[in-house]
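The values are calculated or read from the model by the stated rules, or taken from the named source; none is laboratory data. Since the model is a prediction, treat every value here as computed from it, not as a measurement. All Cβ positions, even for glycine, are placed from backbone atoms using ideal geometry, and neighbour counts span all protein chains on display. These area figures cover heavy atoms from the full protein model, side chains too; ligands, DNA and RNA do not enter into them. Shrake-Rupley method; radii C 1.70, N 1.55, O 1.52, S 1.80 Å.
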Amino acid sequence: MSQFPEFKEQTVLITGTSSGFGLLSAYHLAKAGYNIIASMRNLEKKSALLRMLEKDKLKERVTFVELDVTSQRSVDQLTAFLDKGNGVDVLINNAGFAFGGFSEEIHIDEYKEQFETNVFGVMRVTQAVLPFMREKRRGKIINISSISGLIGFPGLSPYVSSKHALEGYSESLRLELKPFGIDVALIEPGSYATNIWTTGKKVSKHSLNEGSPYHAYMRAIENELQAGEKNLGDPDQVVSLLLSLCNQSQIKKLRYPVGKGVKLSISVKRMLPWSVWERVIIKKLLK
Ligand SMILES: NC(=O)c1ccc[n+]([C@@H]2O[C@H](COP(=O)([O-])OP(=O)(O)OC[C@H]3O[C@@H](n4cnc5c(N)ncnc54)[C@H](OP(=O)(O)O)[C@@H]3O)[C@@H](O)[C@H]2O)c1
């Protein structure tokens, strides 16, 4: 992984560091010389990251903080922590999960739960760090979106709509903060081997029920996801991208797609007439 020494001694706050991209970026950024505020909603899960840090004598670079992004109280505690002089140079809004199922069968509270984490959680934590970054007129906010932020998939509308909302929020935020020297970026990963496809995923129990009118369609989607499991990318690719954005003096672009076939899928969707695009998707799933 590349390193640029002049940006060491900066502090990076990462949400959701108990597993996946969050855990790996906390470790690799600490290894690259950054000070890390590793936040997670359940500090009992810090042992995996702690073990990796201890092995490489990096423990002193990392401060663990309890943070549930869905709780304003928890975010207020973060603000109190930052108020004690613990500045943040880079915020990585990483915490998230995926909710699937067919829209008719998904309770509105399940949509709200998805948005509480993937959208309002990002907004809450961003609001907490902004006063500190704005005062310094310097900072980076990197939001982990998804290919699902640019392309809709059936059977995944809570996740897809939450990531589309994150895209719109980040676009506005970038334009608001540019004059204050704060760069906003979106990472748009394809499918990577993390817990999001196992413990990080929830599916509407109705759509998986054999009595559901969507059952066959949902099964086809689940089968497609299962078949794709062997092609899941190495999460280190995403971490490399994060590291390179942290190392740059300025983040020049808003969007950073990453992963096998991601750029191609985004371009093809943009180029094809919608009628052709939807025929291809539905035919692939309901062959
Ligand atoms: N992996 C992929 O293929 C992929 C593709 C595109 C985008 N992404 C995005 O990448 C981000 C990280 O996911 P991942 O793939 O690394 O999955 P992961 O291994 O499941 O990690 C998700 C992290 O988010 C945390 N989290 C969930 N809800 C939270 C909350 N309310 N407050 C604080 N932390 C919370 C989880 O904590 P717990 O351990 O406590 O649950 C966990 O640390 C997500 O935003 C996801 O949408 C992933």
Taking only segment 33-73 into account, find how many residues are among the small types (G, A, S) and in contact with a Ser or Thr (Cβ under 6 Å, 6 or more places away or on another chain). 2
Report yes if S162 is assigned to a helix (DSSP H, G or I) and over 19 Å from K269 (Cα atoms), otherwise no. yes
Please go through segment 179-215 and give me each residue that is without any contact (Cβ under 8 Å) to a residue 40 or more places away in the chain and under 30 Å from G139 (Cβ atoms), ordered by number. P179
Filtering segment 162-206 down to residues that are of a type in the set (S, T, Y), open to solvent by 40 Å² or more (accessible area, probe 1.4 Å) and farther than 30 Å from F132 by Cβ yields S191, T198, T199
Would it be correct to say that A128 is touching a helix residue (DSSP H, G or I) at 6+ places or on another chain (Cβ under 7 Å), of a type outside the set (D, E) and surrounded by fewer than 19 Cβ atoms within 10 Å (Cβ to Cβ)? no
Can you tell me which residue within segment 228-287, out of those that are among the aliphatic types (A, V, I, L, M) and loosely packed, with under 14 Cβ neighbours inside 10 Å, is nearest to L166 (Cα to Cα)? L264
Which numbered condition L29 fails, given (1) in contact (Cβ under 8 Å) with a residue 40 or more places away in the chain; (2) in contact with an Asp or Glu (Cβ under 8 Å, 6 or more places away or on another chain); (3) under 30 Å from Y159 (Cα atoms): (2)
Scanning for something modelled with pLDDT under 90 and closer than 21 Å to K260 by Cβ, does segment 181-199 turn up at least one residue? yes
